[in-house]
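The values are calculated or read from the model by the stated rules, or taken from the named source; none is laboratory data. Please read all numbers here as calculations on a predicted model, not as lab measurements. Every residue, glycine as well, gets a Cβ built from its backbone with ideal geometry; the counts of neighbours run over all protein chains shown. When the accessible area is computed, the model is the full protein with side chains, heavy atoms only, and any ligands, DNA or RNA have been set aside. Shrake-Rupley method; radii C 1.70, N 1.55, O 1.52, S 1.80 Å.
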Amino acid sequence: KVLLEQNSASGHEVLSRLVQHVTAGEEQRRIAQKLRESKNGLVLLGNLATAHPEYATLRALAGAISRLTGAKSGFLGESGNTAGAALAGVLPHRTAGAKPSAHTGLDAYRMLADPRRAYMLLGMEPELDCWDGNLALRALRGAGFVVCLTAYQTDAMKSYAHVLLPMASFAETCGTYINNEGRSQSFNGAVSPPGEARPGWKILRVMGNLFNVPGFDYNTAIEVRDEIQNLIANVVPTNTVEWKLPATVARSGAGLQRISAVPMNAIDPVTRRARALQQTVDIADGAAHINSVLAVKLGLAAGKFAEVEQDERHIRLPIVIDDRVPDQCVLIHAA
């Protein structure tokens with residue numbers, strides 16, 4: 001809104017209509033000024049934006065801010081190898097090397113919202129790692145067959161998995177990460193996997209052999225890496241793409257919105273089980289964080305308990321007053 005006021009409206013009619021109901025405050029004016037004055041400005045979108053139902057709109061608006069200020073656009077991957085997985089062809093509408101797929105499959109959300117008969121989970125605990133853990137549990141517990149490739153076993157896992165296959169952790173196997181810059185970084189395992197655990201790629205290879213699937217003849221992870229590297233050799237990462245602006249911007253309805261940030265020390269099965277990390281402040285505190293305005297409105301106070309309901313789940317949580325939390329929002333840590 002501020003940037004449009006400072007720029008000629010010519011050529012920005014659609015954008016102007018999208019933000020016509022927005023009221024800009026002093027904070028937004030300071031941010032806009034900083035971005036315009038910066039010689040090397042950067043607009044970053046992180047994983048809360050990526051997981052948002054209106055992500056396409058957020059991306060388009062972030063791109064518009066970048067163009068109006070001359071800043072670069074960037075994205076923070078959701079996990080350590082998000083870029084690598086995308087380039088390897090994990091996305092339902094892409095094949096390896098980011099080429100368009102002839103057939104579009106289901107994304108992770110659709111696989112859970114429209115339950116499958118069988119699931120195979122690779123190194124994850126869906127009840128903690130999915131943005132909608134309740135939806136994930138319902139789908140898995142209703143499935144006819146669930147296989148978990150995992151380094152850990154839990155009571156929750158035993159409630160939905162039919163088979164647990166012991167898988168090596170990241171430190172017990174070699175592999176390759178591709179970072180947000182598009183740079184490949186390979187590594188070797190630091191220690192051998194315990195017991196009967198095997199690296200994930202090797203378990204998948206044997207499964208492919210048992211089902212007589214062609215293309216599962218790798219003997220080393222290096223062969224897997226080299227095949228992928230050949231497929232993505234000519235891919236040049238760029239964020240300078242044109243994103244179509246939507247006709248309208250979805251506006252939140254009445255009621256409260258949950259902010260479900262994942263604490264730094266709960267981002268995966270390994271960090272969640274590191275006792276030293278769980279003694280820091282970067283963990284889920286099991287509380288509902290609201291600002292003082294909302295606390296007064298709801299008749300709540302710090303240390304008091306509130307009944308919280310979302311998606312048919314009920315839980316009693318202590319209240320923490322934090323004026324960094326936006327109006328009509330409740331921060332409840334995920335994972």
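Could you check segment 50-144 for helices (runs of 4 or more DSSP H) lying wholly inside it with 3 or more residues that are more than 30 Å from GLU312 (Cα to Cα)? Before the answer, list the steps.
Working: elements: 55-69, 82-88, 108-113, 126-129, 133-141.
Ranges flagged: 55-69, 82-88.
Scan segment 59-87 residue by residue and report those that are open to solvent by 60 Å² or more (accessible area, probe 1.4 Å) and within 21 Å of ASN7 (Cα to Cα).
ILE65, ARG67, GLY70, LYS72
Checking the conditions here, which among GLY175, GLY189, GLY182 is surrounded by 17 or more Cβ atoms within 10 Å (Cβ to Cβ) and at pLDDT below 95? Write out each step before concluding.
Values: GLY189 fails: surrounded by 17 or more Cβ atoms within 10 Å (Cβ to Cβ); GLY182 fails: surrounded by 17 or more Cβ atoms within 10 Å (Cβ to Cβ).
The unique qualifying residue is GLY175.
Would you pick out the residues in segment 33-43 that are in contact with a Lys or Arg (Cβ under 9 Å, 6 or more places away or on another chain) and surrounded by 13 or more Cβ atoms within 10 Å (Cβ to Cβ)? Give the steps one after another, and end with the answer.
Restricting attention to segment 33-43, the residues satisfying the condition of being in contact with a Lys or Arg (Cβ under 9 Å, 6 or more places away or on another chain) are 40-43.
Residues satisfying the conditions are GLY41, VAL43.
Quick one: which residue in ALA24, ALA56 is among the small types (Gly, Ala, Ser) and open to solvent by 40 Å² or more (accessible area, probe 1.4 Å)?
Details: ALA24 fails: open to solvent by 40 Å² or more (accessible area, probe 1.4 Å).
Residue meeting the stated conditions: ALA56.
List pairs: first in segment 283-304 and modelled with pLDDT of 95 or more, second open to solvent by 80 Å² or more (accessible area, probe 1.4 Å), Cβ under 7 Å, 6+ apart or cross-chain?
ASN291/ASP323; ASN291/ASP327; SER292/ASP323; VAL293/ASP327; LEU294/ASP327
Of everything in segment 252-282, what is touching a residue at least 60 places away in the same chain (Cβ under 8 Å) and charged (D, E, K, R)? Give them in sequence order.
ARG258, ASP268, ARG272, ARG273, listed by residue number.
Within segment 254-264, identify whether any single residue is open to solvent by less than 60 Å² (accessible area, probe 1.4 Å), under 30 Å from GLN328 (Cα atoms) and either assigned to a helix (DSSP H, G or I) or at pLDDT 95 or above (or both), and answer yes or no.
Within segment 254-264, not a single residue is open to solvent by less than 60 Å² (accessible area, probe 1.4 Å), under 30 Å from GLN328 (Cα atoms) and either assigned to a helix (DSSP H, G or I) or at pLDDT 95 or above (or both).
Read through the list (1) among the aliphatic types (A, V, I, L, M); (2) within 26 Å of PRO194 (Cα to Cα); (3) open to solvent by 30 Å² or more (accessible area, probe 1.4 Å), then give the number of the only condition that ALA168 fails.
Looking at each condition in turn, ALA168 falls short on (3).
Scanning segment 304-325 for residues that are β-branched (Val, Ile, Thr) and under 14 Å from SER260 (Cα atoms), which turns out nearest to the chain's Cα centre (by Cα)? Break it down into steps so the answer makes sense when it comes.
Of the residues in segment 304-325, the ones β-branched (Val, Ile, Thr) are 308, 315, 319-321, 325.
The next check asks that each one be under 14 Å from SER260 (Cα atoms); those that pass are 308, 325.
Details: VAL308: 24, VAL325: 21 Å.
That would be VAL325.
Count, please, the residues in segment 284-296 that happen to be farther than 29 Å from THR271 by Cβ and either among the small types (Gly, Ala, Ser) or out of contact with any strand residue (DSSP E or B) (no Cβ under 9 Å at 6 or more places or on another chain) (or both).
Of the residues in segment 284-296, 4 are farther than 29 Å from THR271 by Cβ and either among the small types (Gly, Ala, Ser) or out of contact with any strand residue (DSSP E or B) (no Cβ under 9 Å at 6 or more places or on another chain) (or both).
Please list, ordered by residue number, the strands (runs of 3 or more DSSP E) wholly in segment 272-322 having 1 or more residues that are open to solvent by 60 Å² or more (accessible area, probe 1.4 Å) and among the aliphatic types (A, V, I, L, M).
Numbers: elements: 288-290, 305-310, 313-321.
Of the strands (runs of 3 or more DSSP E) lying wholly inside segment 272-322, those with at least 1 residues that are open to solvent by 60 Å² or more (accessible area, probe 1.4 Å) and among the aliphatic types (A, V, I, L, M) span 313-321.
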